[in-house]
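Novice: Structure below; questions to follow.
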Amino acid sequence: MAKKYIKLMKKADFNLLAKKFNLDPVIMRLLVNRDIKEEDMESYLYPKESDINSPYILKDVEEAARTIKQFIEEHKKIRIIGDYDVDGIMSTYILVSSLKNLGANVDYDIPNRVTDGYGINERLVRKAKEDGVDMIITCDNGIAAYDAIELSEKEGIFTIVTDHHLVPYEIINGKKVEKLPPSHFVVNPHRKDDESKFKEICGAVVAYKVCLVLYDVFNKDNYYVRSKLKYAAMATICDVMPLIDENRAIVKIGLKELTEVKNIPFEYIQSVNGNNDESGGFDLLNERSDQNEIAYQNERSDQNEIADQNERSDQNERSDKNAIAYKNDISDKYITSEDIPIKELMEAAGVKNYVNSFTIGFMIGPIFNASGRISNAKIAVDMLLCKDIEKIKEAAKNLVELNSIRKNKTKEATEEAQVQVEKYKDDDVLVLYLKDLHESIAGIVAGRIKEQENKPTIVLVDGKNFAKGSGRSIDSYLMYDELHKCEDLLLKYGGHKKAAGLSLEADNIDELRKRLNKNSSLTEDDFVSTVNIDVVMPISYISIKLIKEVGILEPFGEMNAKPLFADQNIRILKIREIGKDKNYLKFDLLDEKNRVVDAVMFSGAEEAKAKLIERYGDSIITESSYKNLNPNVTITFTYYPSINEYHNIENIQVVIQDIL
């Protein structure tokens, strides 16, 4: 994949800003590069809960909450219908637990990826009718399920849709006209008549806000719902929502609380029942159910050790000395005994002291997703709802094992997809048909190919009765809109601007590929990945203090990328291969102050190794204990500064991103 490097040169008085905020001028440059205005810098650097937008802005939310209250008080049966990715799992968990805490007669269901496909459908509606369900509340789905919602209403089931996906539309007289599902209430920030200024929230945040309003109409303290914010934060990261506006506050606060959960002594978290009022505790689901499949999340493999080695901070580490403090102030941290399942999962996954967006996006998120891909997403929801410690531990262990199976399947499938990529290498839009691929892996494979080729990619497989699959897109290609132009070929489709799910008759695949490429207006420039360099900064300038200040900019993710720095003509003292498969590189570099700086390279290390051997010969790589290379052996590279902590001693470590 071709790359274009751009050095950002946005102007400001960085020294003056640094003095105002008591931070290094480099930090102020990073803020300006992100188009953060001076008046918004305080809230960006130190987001607060008050930065989260009011739930009452959402259209229909108060009416929906009052109706849910009525059904709870009348002891009518309510069913939550969720989805099988992290956002769907967290949305379901937030709604089920919050309603149960109010005494609701509530259960949940999640569609089977193979037999049902995405979202609520007619089978799930009929099953709800047979089970005597009076109300269905969807979460992270439903906005595109017109027929299923219509059937639900005809069957006398009161239906509320909560979702965050784009609203389907029809073209009437050349204009887009929304096609909302015929439910009583539709809570979705993407509605045309919704007044939310920021609409890019995930389904779990929508569910969380519905619950906040519900507790308001019950005149209940919202401590219980507030304790679920951390789960909405995980969904925000894993559903690749932009980490700006209220999402930044949600994730920043949520990650801090997850770090507290990870480090709190078990005996103290076990003692907090999760209620801050007179309503008392409640029984939670422990059963497991039949099998299912999931959604999408583009992740990297074999990088758990990076999170441990390079993403740490000392600010959240706890020792036994702090145990008494936890006992005294845990109730102020929105941590309850119901956080034990996520604590146990983090333990099983090998998460260390500090939880950040990388931890959730590339360690915990894939484990939740694997439940639906390889087994059943219900086991993940049941684990979160479970109170039996031994069952929680067993479920956490099983989920981690499922993710290991998923990794192996993904590797094999990606290799198979790459063969087809070569066949269609001249296409603007890659439509790959991998007949025998397990459909649960399609989204990940599409994401991997999209990253490698920087082209919109759709991966289709043989479903039970028709072809189905997932697509991932680049910034300049609005996949949902492009699929809409081909809707006569599709049985079902939906999603976001950059991700979609679809199904169609297998006989229509070639025509879909042909039409998507014929309609494409992409140019060669669109296929060149643009890499923004924030600051050309000598590694000699790096300090522990600066690295910790850069950490204030976390969480990193969509629309808040990890800062990228660059340095040039730095002398290499030593290179060696590291890692289980010798697929990473470790360097000793000599900076301008004649200080030896430790550097590592993970992603792209194989390509970098080939590049260095081409320049300097095979002897550049050695496994010997020390090799003082020729002074002319230098590199120019992009990097991110990090702290490598060993035996409580902090050392600077440069994480090389690319060798230029």
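The values are calculated or read from the model by the stated rules, or taken from the named source; none is laboratory data. Predicted model only: the values in this text are computed from it and were never measured. Every residue, glycine among them, receives a Cβ derived from its backbone with ideal geometry; neighbour counts consider all protein chains shown. Quick note on the areas: whole protein, heavy atoms, side chains included, nothing else; ligands and nucleic acids left out. Shrake-Rupley method; radii C 1.70, N 1.55, O 1.52, S 1.80 Å.
Novice: Of the residues that make up the range 238-253, is at least one under 30 Å from residue 362 (Cβ atoms), touching a Leu at 6+ places or on another chain (Cβ under 8 Å), crowded, with 17+ Cβ neighbours inside 10 Å and not aliphatic (A, V, I, L, M)?
Specialist: Step one: of the range 238-253, the residues under 30 Å from residue 362 (Cβ atoms) are 238-253.
Now narrow it down to the ones that are touching a Leu at 6+ places or on another chain (Cβ under 8 Å): 250-251, 253.
Keeping just the survivors that are crowded, with 17+ Cβ neighbours inside 10 Å gives 250-251, 253.
Now restrict to residues that are not aliphatic (A, V, I, L, M): none.
No, the range 238-253 contains no residue that is under 30 Å from residue 362 (Cβ atoms), touching a Leu at 6+ places or on another chain (Cβ under 8 Å), crowded, with 17+ Cβ neighbours inside 10 Å and not aliphatic (A, V, I, L, M).
Novice: Could you figure out which of (1) open to solvent by 40 Å² or more (accessible area, probe 1.4 Å); (2) over 30 Å from residue 549 (Cα atoms); (3) small (Gly, Ala, Ser) isn't true of residue 617?
Specialist: Unmet condition: (1).
Novice: Name the single residue that is modelled with the highest pLDDT among those in the range 1-14 being surrounded by fewer than 17 Cβ atoms within 10 Å (Cβ to Cβ) and either hydrophobic (A, V, I, L, M, F, W, C) or closer than 12 Å to residue 45 by Cα (or both).
Specialist: Here is the first cut: in the range 1-14, the ones surrounded by fewer than 17 Cβ atoms within 10 Å (Cβ to Cβ) are 1-13.
Imposing the further condition that a residue be either hydrophobic (A, V, I, L, M, F, W, C) or closer than 12 Å to residue 45 by Cα (or both) reduces the set to 1-2, 6, 8-9, 12.
Details: 1: 75, 2: 82, 6: 94, 8: 94, 9: 92, 12: 97.
It comes out as 12.
Novice: Specify the residue that is surrounded by the most Cβ atoms within 10 Å (Cβ to Cβ); the eligible residues are those in the range 504-514 that are of a type in the set (D, E, K, R) and in a helix (DSSP H, G or I).
Specialist: Filtering the range 504-514 for residues of a type in the set (D, E, K, R) gives 505, 507, 510-511, 513-514.
Then drop every residue that is not in a helix (DSSP H, G or I), which leaves 507, 510-511, 513-514.
On the way: 507: 10, 510: 11, 511: 14, 513: 19, 514: 13.
Filtering the range 504-514 for residues that are of a type in the set (D, E, K, R) and in a helix (DSSP H, G or I), the one surrounded by the most Cβ atoms within 10 Å (Cβ to Cβ) comes out as 513.
Novice: For the range 21-42, what are the residues that are farther than 29 Å from residue 658 by Cβ and free of Cβ contacts under 8 Å to residues at least 12 places away in the same chain?
Specialist: 22, 37, 39, 40
Novice: Further question on the same structure: For the range 48-57, which residues satisfy the criterion of being buried (at least 16 other Cβ atoms within 10 Å of the Cβ) and among the polar types (S, T, N, Q)?
Specialist: Applying the first criterion (buried (at least 16 other Cβ atoms within 10 Å of the Cβ)) to the range 48-57 yields 51-53, 55.
Answer for the range 48-57, where residues must be buried (at least 16 other Cβ atoms within 10 Å of the Cβ) and among the polar types (S, T, N, Q): just 53.
Novice: Surrounded by fewer than 17 Cβ atoms within 10 Å (Cβ to Cβ) and either acidic (Asp, Glu) or out of contact with any helix residue (DSSP H, G or I) (no Cβ under 8 Å at 6 or more places or on another chain) (or both) - does that describe any residue in the range 444-451? Before the answer, list the steps.
Specialist: In the first step, residues of the range 444-451 are kept if they are surrounded by fewer than 17 Cβ atoms within 10 Å (Cβ to Cβ); the result is 451.
Next cut, either acidic (Asp, Glu) or out of contact with any helix residue (DSSP H, G or I) (no Cβ under 8 Å at 6 or more places or on another chain) (or both) only: 451.
Among the residues of the range 444-451, at least one is surrounded by fewer than 17 Cβ atoms within 10 Å (Cβ to Cβ) and either acidic (Asp, Glu) or out of contact with any helix residue (DSSP H, G or I) (no Cβ under 8 Å at 6 or more places or on another chain) (or both), which makes the answer yes.
Residue-by-condition table, conditions (1) on the phi > 0 side of the Ramachandran plot; (2) open to solvent by less than 50 Å² (accessible area, probe 1.4 Å); (3) within 25 Å of the chain's Cα centre (by Cα):
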{"residue": "37", "(1), (2), (3)": "no, no, no"}
{"residue": "59", "(1), (2), (3)": "no, no, no"}
{"residue": "69", "(1), (2), (3)": "no, yes, no"}
{"residue": "94", "(1), (2), (3)": "no, yes, yes"}
{"residue": "98", "(1), (2), (3)": "no, yes, yes"}
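Novice: Right, here's the next one. Anything in the range 569-595 that is open to solvent by less than 80 Å² (accessible area, probe 1.4 Å) and touching a Pro at 6+ places or on another chain (Cβ under 8 Å)? List them, or say none.
Specialist: Matches in the range 569-595: 571, 591.
Novice: Follow-up. Of the numbered conditions (1) in a strand (DSSP E or B); (2) free of Cβ contacts under 8 Å to residues at least 60 places away in the same chain, residue 124 satisfies every one except a single condition; which is it?
Specialist: (1)
Residues checked against (1) part of a helix (DSSP H, G or I); (2) loosely packed, with under 15 Cβ neighbours inside 10 Å:
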{"site": "481", "(1), (2)": "yes, yes"}
{"site": "488", "(1), (2)": "yes, yes"}
{"site": "502", "(1), (2)": "no, no"}
{"site": "516", "(1), (2)": "yes, no"}
{"site": "563", "(1), (2)": "no, no"}
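Novice: Let me ask something else. So which residues in the range 518-551 are touching a strand residue (DSSP E or B) at 6+ places or on another chain (Cβ under 8 Å) and open to solvent by 20 Å² or more (accessible area, probe 1.4 Å), if there are any at all?
Specialist: 528, 529, 530, 531, 532, 536, 538, 543, 544, 548 - these are the residues of the range 518-551 that are touching a strand residue (DSSP E or B) at 6+ places or on another chain (Cβ under 8 Å) and open to solvent by 20 Å² or more (accessible area, probe 1.4 Å).
Novice: How many residues, within the range 213-246, are among the charged types (D, E, K, R) and over 24 Å from residue 73 (Cα atoms)? Don't jump to the end; show me each part of the working.
Specialist: Pass one, the range 213-246, residues among the charged types (D, E, K, R): 216, 220-221, 226, 228, 230, 239, 245-246.
Next, only the ones that are over 24 Å from residue 73 (Cα atoms) stay: 230, 239, 245-246.
Residues in the range 213-246 being among the charged types (D, E, K, R) and over 24 Å from residue 73 (Cα atoms): 4 in total.
Novice: Which residue out of 80, 72, 94 is of a type outside the set (D, E, K, R), at pLDDT 95 or above, under 24 Å from residue 383 (Cα atoms) and in a helix (DSSP H, G or I)? Steps first, please.
Specialist: Numbers: 80 fails: in a helix (DSSP H, G or I); 72 fails: under 24 Å from residue 383 (Cα atoms).
94 is the lone residue from the list that is of a type outside the set (D, E, K, R), at pLDDT 95 or above, under 24 Å from residue 383 (Cα atoms) and in a helix (DSSP H, G or I).
Novice: Can I ask one more? Check whether at least one residue in the range 505-527 is aliphatic (A, V, I, L, M), touching a residue at least 40 places away in the same chain (Cβ under 8 Å) and closer than 30 Å to residue 359 by Cβ, and report yes or no.
Specialist: Applying the first criterion (aliphatic (A, V, I, L, M)) to the range 505-527 yields 506, 509, 512, 516, 522.
Within this subset, residues satisfying the condition of being touching a residue at least 40 places away in the same chain (Cβ under 8 Å) are 506, 509, 512, 516, 522.
Pick out the ones that are also closer than 30 Å to residue 359 by Cβ and you get none.
Among the residues of the range 505-527, not one is aliphatic (A, V, I, L, M), touching a residue at least 40 places away in the same chain (Cβ under 8 Å) and closer than 30 Å to residue 359 by Cβ, which makes the answer no.
Novice: Follow-up question, since we're still on this one. Please verify whether the range 552-561 includes one or more residues that are of a type in the set (Phe, Trp, Tyr) and either under 24 Å from residue 7 (Cα atoms) or surrounded by fewer than 19 Cβ atoms within 10 Å (Cβ to Cβ) (or both). Give the steps one after another, and end with the answer.
Specialist: Of the range 552-561, the ones of a type in the set (Phe, Trp, Tyr) are 556.
Next cut, either under 24 Å from residue 7 (Cα atoms) or surrounded by fewer than 19 Cβ atoms within 10 Å (Cβ to Cβ) (or both) only: 556.
Checked against the condition, which is being of a type in the set (Phe, Trp, Tyr) and either under 24 Å from residue 7 (Cα atoms) or surrounded by fewer than 19 Cβ atoms within 10 Å (Cβ to Cβ) (or both), the range 552-561 yields at least one hit.
Novice: Is it true that residue 63 is touching a Leu at 6+ places or on another chain (Cβ under 9 Å), touching a residue at least 60 places away in the same chain (Cβ under 8 Å), under 30 Å from residue 495 (Cα atoms) and surrounded by fewer than 17 Cβ atoms within 10 Å (Cβ to Cβ)? Walk me through how you get there before you give the answer.
Specialist: Values: touching a Leu at 6+ places or on another chain (Cβ under 9 Å): no; touching a residue at least 60 places away in the same chain (Cβ under 8 Å): yes; under 30 Å from residue 495 (Cα atoms): yes; surrounded by fewer than 17 Cβ atoms within 10 Å (Cβ to Cβ): yes.
Taking the combined requirement at face value, the residue does not satisfy it.
Novice: Is it fair to say residue 150 is within 29 Å of residue 561 (Cβ to Cβ) and either charged (D, E, K, R) or surrounded by fewer than 18 Cβ atoms within 10 Å (Cβ to Cβ) (or both)? Don't jump to the end; show me each part of the working.
Specialist: Values: within 29 Å of residue 561 (Cβ to Cβ): no; either charged (D, E, K, R) or surrounded by fewer than 18 Cβ atoms within 10 Å (Cβ to Cβ) (or both): yes.
Criteria not met by residue 150.
Novice: Identify, from the list 182, 189, the residue that is touching a Ser or Thr at 6+ places or on another chain (Cβ under 7 Å) and either assigned to a loop (DSSP other than H, G, I, E, B) or under 19 Å from residue 61 (Cβ atoms) (or both). First the steps, then the outcome.
Specialist: Details: 182 fails: touching a Ser or Thr at 6+ places or on another chain (Cβ under 7 Å).
It is 189.
Novice: Consider residue 569 carefully, then state whether it is out of contact with any His (no Cβ under 6 Å at 6 or more places or on another chain), among the polar types (S, T, N, Q) and not in a strand (DSSP E or B). Outline the logic, then answer.
Specialist: Numbers: out of contact with any His (no Cβ under 6 Å at 6 or more places or on another chain): yes; among the polar types (S, T, N, Q): yes; not in a strand (DSSP E or B): no.
Judged against the criteria, residue 569 is not a match.
Novice: Select from the range 183-212 the residues that are within 23 Å of residue 77 (Cβ to Cβ) and open to solvent by 50 Å² or more (accessible area, probe 1.4 Å) and list them in ascending order.
Specialist: Within the range 183-212, 184 is the sole residue that qualifies.
Novice: Pick out the one residue from 17, 45 that is at pLDDT 95 or above and either crowded, with 18+ Cβ neighbours inside 10 Å or farther than 28 Å from residue 212 by Cβ (or both). Let's see the steps before the verdict.
Specialist: Working: 45 fails: either crowded, with 18+ Cβ neighbours inside 10 Å or farther than 28 Å from residue 212 by Cβ (or both).
So the residue among 17, 45 that is at pLDDT 95 or above and either crowded, with 18+ Cβ neighbours inside 10 Å or farther than 28 Å from residue 212 by Cβ (or both) is 17.
Novice: In the range 452-468, how many residues are open to solvent by less than 10 Å² (accessible area, probe 1.4 Å) and assigned to a strand (DSSP E or B)? Even if it seems obvious, please write down each step before you answer.
Specialist: Start the filter on the range 452-468 by keeping residues that are open to solvent by less than 10 Å² (accessible area, probe 1.4 Å), which leaves 456-461, 467.
Those left that are additionally assigned to a strand (DSSP E or B): 457-461, 467.
The total comes to 6.
Residues are listed down the side, and each one gets a yes or a no for (1) of a type outside the set (Val, Ile, Thr); (2) out of contact with any His (no Cβ under 6 Å at 6 or more places or on another chain); (3) farther than 26 Å from residue 101 by Cα:
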site: 17; (1), (2), (3): yes, yes, yes
site: 27; (1), (2), (3): no, yes, yes
site: 30; (1), (2), (3): yes, yes, yes
site: 46; (1), (2), (3): yes, yes, yes
site: 77; (1), (2), (3): yes, yes, no
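Novice: Also, I was wondering about something else. When the residues of the range 145-173 are filtered to those that are of a type in the set (D, E, K, R) and not in a loop (DSSP other than H, G, I, E, B), which remaining residue is farthest from the chain's Cα centre (by Cα)?
Specialist: First, pick out the residues of the range 145-173 that are of a type in the set (D, E, K, R): 147, 150, 153-155, 163, 170.
From what's left, not in a loop (DSSP other than H, G, I, E, B): 147, 150, 153-154, 170.
Working: 147: 30, 150: 32, 153: 33, 154: 36, 170: 30 Å.
Here the residue is 154.
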